[in-house]
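Visitor: First the structure, which I've put down as structure tokens, then a few questions once you've had a look.
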Amino acid sequence: MNRVGYSQFLLSSQTNYTLTYFSDHAANISHDAINHYLVKDKLSPKLLWEHISAEIVFSNNGCIIFDDTVLDKDDSRNIELVRWQYSGNAGGVIRGIGVVTCVYYNPELNRFWAIDYRIYAPDQDGRNKIEHVEEMLKNIHYQKQIPYQTVLMDTWYATLKIMLLVEDLKKKFYCTIKSNRSASRVEQRYDHKPVDELTWNEQELKDGIRIHLNKFPKLYHVQLFRIAVSTHKTEFVVTNDLSQQSAANVQKVFGYRCAIEQLHREIKGVTGIEGCQCRKQRIQRNHIACAFLVWARLKTLAYKTGTTVYQLKQNLLRDYLIQQLRSPVISMGLA
């Protein structure tokens, strides 16, 4: 029993991802053997990079995207990594395992690849999400040394620490900030107020305005854009690219973030990443690692065949359905 065999199970199974279901369908592999492997092995996030790095098409205009997702364990009470946390997908606080993810996006090809992730488990490692993002970004820049130009983040990561880190790396960032974030126009530096109370003329809505964020270094300025996402929703996006003076371009660049949202939908939909019911954190970590490897394999095949990860997964049942329609094991028995 090894990670290849376990990953193959996650890839092949359609709805049930428990160890019992695996052992019931695998020849000469017991539940205890699977459990023993998952307890003893120690799979790390670097495996994802090792498996997918050769498939990535890099670009000097590449984007690094950070976000997090929650693996729903709302019915679980004894899994060690589970904690109460907010889930955007659920629209509220649920019990789950938090995963901070990192995606590389090629804007020329409109393709993306998951390249790193971290399990959010402050009770086990004492690290918060900001520290995980900081570690991943430094690893990308100094160890992986891949070409990229821009870092995209949502509101949670729009902190002084991360923004200044991107600045120090001489890269651009685009991130949303909360509507109540305190800021002032550069020409009114001491008049801080919530950004949704700043006044805009028509030209500024197109060009953006130069602002100072409260508690940032005195001479550190960013460009703020007010983006109308819908008739009922407005987002405030800041960037350290002070030459950026087009709200339309900002909306386009920040729109690249949908790639990481697609990753979260795909990995939950085709790998069974939420389906492990084991209590031990080591088993959960290894299960999540294998789920990322499964996604990487399916994504690579999807790009090569011009299909989707969902179609690849569903096509595993194609031959079965053809055979059952031709010669069903259970017949309807109607005259």
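Visitor: What's the number of the condition T234 fails, among (1) touching a residue at least 40 places away in the same chain (Cβ under 8 Å); (2) more than 28 Å from E167 (Cα to Cα)?
Guide: (2)
Visitor: Has segment 283-292 got any residue that is touching a helix residue (DSSP H, G or I) at 6+ places or on another chain (Cβ under 6 Å) and of a type in the set (F, W, Y)?
Guide: Yes - at least one qualifying residue is present in segment 283-292.
Visitor: I've got another one for you. Quick check on segment 1-16: of everything there that is in a helix (DSSP H, G or I) and in contact (Cβ under 8 Å) with a residue 24 or more places away in the chain, which residue is surrounded by the fewest Cβ atoms within 10 Å (Cβ to Cβ)?
Guide: In the first step, residues of segment 1-16 are kept if they are in a helix (DSSP H, G or I); the result is 3-12.
Those still in the list that are in contact (Cβ under 8 Å) with a residue 24 or more places away in the chain too: 3, 5-7, 10-12.
Values: R3: 16, G5: 15, Y6: 26, S7: 22, L10: 21, L11: 20, S12: 12.
Ranking the candidates gives S12 first.
Visitor: Would you pick out the residues in segment 138-159 that are at pLDDT 95 or above, surrounded by fewer than 20 Cβ atoms within 10 Å (Cβ to Cβ) and not hydroxyl-bearing (S, T, Y)?
Guide: Once the filter is applied, which keeps residues that are at pLDDT 95 or above, surrounded by fewer than 20 Cβ atoms within 10 Å (Cβ to Cβ) and not hydroxyl-bearing (S, T, Y), segment 138-159 yields K138, N139, H141, Q143, K144, Q145, I146, P147, Q149.
Visitor: Restricting attention to segment 147-161, and to residues there that are assigned to a helix (DSSP H, G or I) and not polar (S, T, N, Q), which single residue is farthest from V57 (Cα to Cα)?
Guide: Pass one, segment 147-161, residues assigned to a helix (DSSP H, G or I): 155-157, 160-161.
Those left that are additionally not polar (S, T, N, Q): 156-157, 160-161.
Numbers: W156: 29, Y157: 26, L160: 31, K161: 30 Å.
For segment 147-161, the residue satisfying everything is L160.
Visitor: Kindly indicate whether any position in segment 265-274 is part of a helix (DSSP H, G or I), within 23 Å of Y157 (Cβ to Cβ), hydrophobic (A, V, I, L, M, F, W, C) and modelled with pLDDT of 95 or more. It would help to see each step written out before you state the result.
Guide: Filtering segment 265-274 down to residues part of a helix (DSSP H, G or I) leaves 265-270.
Checking which are within 23 Å of Y157 (Cβ to Cβ) leaves us with 265-268.
Okay, now just the ones that are also hydrophobic (A, V, I, L, M, F, W, C), so 267.
Right, trim to modelled with pLDDT of 95 or more and you get 267.
Yes, segment 265-274 has at least one match.
Visitor: Out of the residues in segment 290-335 that are among the small types (G, A, S) and assigned to a helix (DSSP H, G or I), state the one that is surrounded by the fewest Cβ atoms within 10 Å (Cβ to Cβ).
Guide: Filtering segment 290-335 for residues among the small types (G, A, S) gives 291, 296, 302, 306, 327, 331, 333, 335.
With assigned to a helix (DSSP H, G or I) added as a condition, the list becomes 291, 296, 302.
Details: A291: 26, A296: 24, A302: 18.
Among residues in segment 290-335 that are among the small types (G, A, S) and assigned to a helix (DSSP H, G or I), the one surrounded by the fewest Cβ atoms within 10 Å (Cβ to Cβ) is A302.
Visitor: For segment 68-82, what are the residues that are of a type in the set (S, T, N, Q) and either in contact with a strand residue (DSSP E or B) (Cβ under 9 Å, 6 or more places away or on another chain) or crowded, with 20+ Cβ neighbours inside 10 Å (or both)? Even if it seems obvious, please write down each step before you answer.
Guide: Within segment 68-82, the subset of a type in the set (S, T, N, Q) is 69, 76, 78.
If the condition is that a residue be of a type in the set (S, T, N, Q) and either in contact with a strand residue (DSSP E or B) (Cβ under 9 Å, 6 or more places away or on another chain) or crowded, with 20+ Cβ neighbours inside 10 Å (or both), then T69, S76 are the ones that fit.
Visitor: Hey, another quick one. When the residues of segment 201-241 are narrowed to those that are among the hydroxyl-bearing types (S, T, Y) and assigned to a strand (DSSP E or B), which ends up surrounded by the most Cβ atoms within 10 Å (Cβ to Cβ)? First the steps, then the outcome.
Guide: Going residue by residue through segment 201-241, those that are among the hydroxyl-bearing types (S, T, Y) are 220, 230-231, 234, 239.
Next, from what is left, pick out any that are assigned to a strand (DSSP E or B): 230, 234, 239.
Working: S230: 7, T234: 12, T239: 22.
So the residue we want is T239.
Visitor: Next question, about the same structure. Looking at this structure, is R77 among the charged types (D, E, K, R), part of a loop (DSSP other than H, G, I, E, B) and over 26 Å from E134 (Cβ atoms)? Please lay out each step first, then the result.
Guide: On the way: among the charged types (D, E, K, R): yes; part of a loop (DSSP other than H, G, I, E, B): yes; over 26 Å from E134 (Cβ atoms): yes.
Considered against the rule, which asks whether it is among the charged types (D, E, K, R), part of a loop (DSSP other than H, G, I, E, B) and over 26 Å from E134 (Cβ atoms), R77 comes out as yes.
Visitor: Also, I was wondering about something else. Looking only at residues in segment 129-161 that are within 18 Å of the chain's Cα centre (by Cα) and β-branched (V, I, T), which one is nearest to P107 (Cα to Cα)? Reasoning before the result, please.
Guide: Looking only at segment 129-161, we keep the residues that are within 18 Å of the chain's Cα centre (by Cα), and these are 129-140, 148, 150-158.
In the following step, the residues that additionally are β-branched (V, I, T) were identified as 130, 133, 140, 150-151, 155.
Working: I130: 25, V133: 22, I140: 18, T150: 11, V151: 13, T155: 22 Å.
Filtering first and then ranking leaves T150.
Visitor: For F236, are the conditions met, namely being at pLDDT 95 or above, under 30 Å from T176 (Cβ atoms) and of a type in the set (A, V, I, L, M, F, W, C)? Can you show your working first?
Guide: Numbers: at pLDDT 95 or above: yes; under 30 Å from T176 (Cβ atoms): yes; of a type in the set (A, V, I, L, M, F, W, C): yes.
The answer is yes for F236.
Visitor: Go over the candidates K178, K170 one by one and state the one that is out of contact with any strand residue (DSSP E or B) (no Cβ under 9 Å at 6 or more places or on another chain), surrounded by fewer than 22 Cβ atoms within 10 Å (Cβ to Cβ) and farther than 27 Å from A289 by Cα. So that I can check it myself, show each step before the final result.
Guide: Details: K178 fails: out of contact with any strand residue (DSSP E or B) (no Cβ under 9 Å at 6 or more places or on another chain).
Unique residue meeting the criteria: K170.
Visitor: Can you tell me which residue is farthest from the chain's Cα centre (by Cα) among those in segment 162-197 that are assigned to a loop (DSSP other than H, G, I, E, B) and of a type in the set (K, R)?
Guide: Keep residues of segment 162-197 that are assigned to a loop (DSSP other than H, G, I, E, B), which gives 169-171, 178-181, 189-192.
Subsequent filtering for residues that are of a type in the set (K, R) retains 170-171, 178, 181, 189.
Values: K170: 24, K171: 20, K178: 20, R181: 24, R189: 36 Å.
Taking the candidates together, the pick is R189.
Visitor: Further question: If a residue must be of a type outside the set (G, A, S), within 13 Å of the chain's Cα centre (by Cα) and over 26 Å from F58 (Cβ atoms), how many such residues does segment 89-128 contain?
Guide: Going through segment 89-128, the residues of a type outside the set (G, A, S) turn out to be 89, 93-95, 97, 99-113, 115-120, 122-125, 127-128.
Checking which are within 13 Å of the chain's Cα centre (by Cα) leaves us with 89, 99-105, 112-113, 115-120.
Restricting the remaining residues to those that are over 26 Å from F58 (Cβ atoms) gives 89, 119-120.
Number satisfying all stated conditions: 3.
The values are calculated or read from the model by the stated rules, or taken from the named source; none is laboratory data. What you see is a predicted model, and the numbers here were worked out from it, not measured in a lab. Counting neighbours? That spans all protein chains shown, and the Cβs are built from the backbone with ideal geometry, glycine included.
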